[in-house]
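Nothing in this text is a laboratory measurement; each read-out follows from the coordinates by a stated rule. This is a predicted model, so every value here is computed, not measured. Note: ideal-geometry Cβ built from the backbone for every residue, glycine included; neighbour counts use all protein chains shown.
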């Protein structure tokens with residue numbers, strides 16, 4: 001039996017899934033292990049939530065949780081020491097194939113150092129593109145660190161999978177293209193849309209363009225005073241959060257915008273159920289998992305031409321595309337959005353079911369096994 005190791009963030013038992021990459025790894029790994037019992041699947045994931053290593057067996061999937069208390073402070077740990085620690089865990093699993101997720105120090109970096117079997121790498125985002133929007137001293141440090149690591153890993157790895165054609169073109173290398181999966185549970189959301197209620201989901205940071213949406217909301221409110229916006233996501237940039245708070249006061253939108261914070265899936269699906277339109281105002285997206293989720297619920301989607309979103313949305317057919325950083329155009333799209341476009345979006349999202357994505361991955365795996 002061949003052993004396949006998937007490296008990436010994976011939730012602890014009963015833990016809420018946080019972030020698109022974690023959801024992608026979770027859905028893909030479980031679909032693969034369910035469809036292909038003739039293979040032995042393992043997941044290696046790093047967490048600061050436990051103090052001792054934990055191994056959990058889920059049917060045909062074995063998840064190895066690696067404790068690392070400094071997970072969010074990698075600057076305090078020399079990378080070569082961390083790499084050797086992870087390589088020891090990989091050696092215990094002794095895989096016939098490694099599939100790592102991301103070009104960061106935690107998974108991509110140790111994976112490309114492994115020489116005993118083929119290594120595949122999925123690129124979920126491009127640091128060189130996203131870093132344009134990282135501000136301040138912390139942003140400069142992240143830009144230097146992440147971009148250097150990305151360049152190093154891309155120079156070392158030969159077998160690359162991109163989540164969209166946009167990502168593939170951005171790294172200027174030949175890659176396989178396999179999209180992120182969408183969780184089937186979102187297809188089961190019953191729509192009870194509240195009139196004039198909009199939804200934004202994503203981290204509160206410069207790259208996500210929430211300030212542009214707030215400016216657009218100001219324009220919409222002139223025609224529709226009852227407009228509301230639900231903001232779901234954690235604050236990743238306190239400086240940016242202060243900026244958008246000032247905008248809300250300046251435009252008298254405090255009563256029109258509700259910050260929900262980070263939520264579990266039950267609450268997330270309730271937000272999708274109640275919203276009339278989903279908005280993705282990003283400056284840069286590799287694909288846009290929340291766009292796919294919103295489509296799966298049958299919610300009309302308006303997104304900016306931010307790269308990966310254009311690989312999913314066909315303007316005027318299954319969603320609406322507007323230019324980046326254009327609040328007037330975004331406001332017009334909100335006011336004119338055709339609600340029946342949501343059903344076409346749902347049909348599009350069906351292509352991204354986990355079993356479809358898993359079969360695409362297995363086709364690539366078998367080239368190297």
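Structural remarks
- Fully extending the segment from residue 48 to residue 115 would add 21.4 nm, taking 0.36 nm per residue of separation and subtracting the current Cα-Cα distance.
- Folded to 0 to 90 degrees: helix 238-250 orientation relative to the chain principal axis, Cα: 10
- Among 208, 221, a tally of other beta-carbon atoms within 10 Å of each Cβ gives an order, fewest to most, of 221, 208.
- Listed by Cβ neighbour count within 10 Å, with the fewest neighbours leading, 47, 122, 297 appear as 47, 297, 122.
- Mean residue ellipticity (222 nm) of the chain, computed from DSSP H runs ≥ 4 via -39,500 (n - 2.57), nearest 500: -12000 deg cm²/dmol
- Between the helical axis of 79-93 and the longest alpha-carbon principal axis of the chain there is an angle of about 70 degrees.
- Ranked list, fewest to most other Cβ atoms within 10 Å of each Cβ, for 52, 156, 215: 52, 156, 215
- A Gaussian network model of the chain, with springs between Cα atoms under 10 Å, assigns the largest mean-square fluctuation among 341, 254, 357 to 254.
- Angle in degrees between helix 354-368 and the longest Cα principal axis of the chain, rounded to the nearest 10: 30
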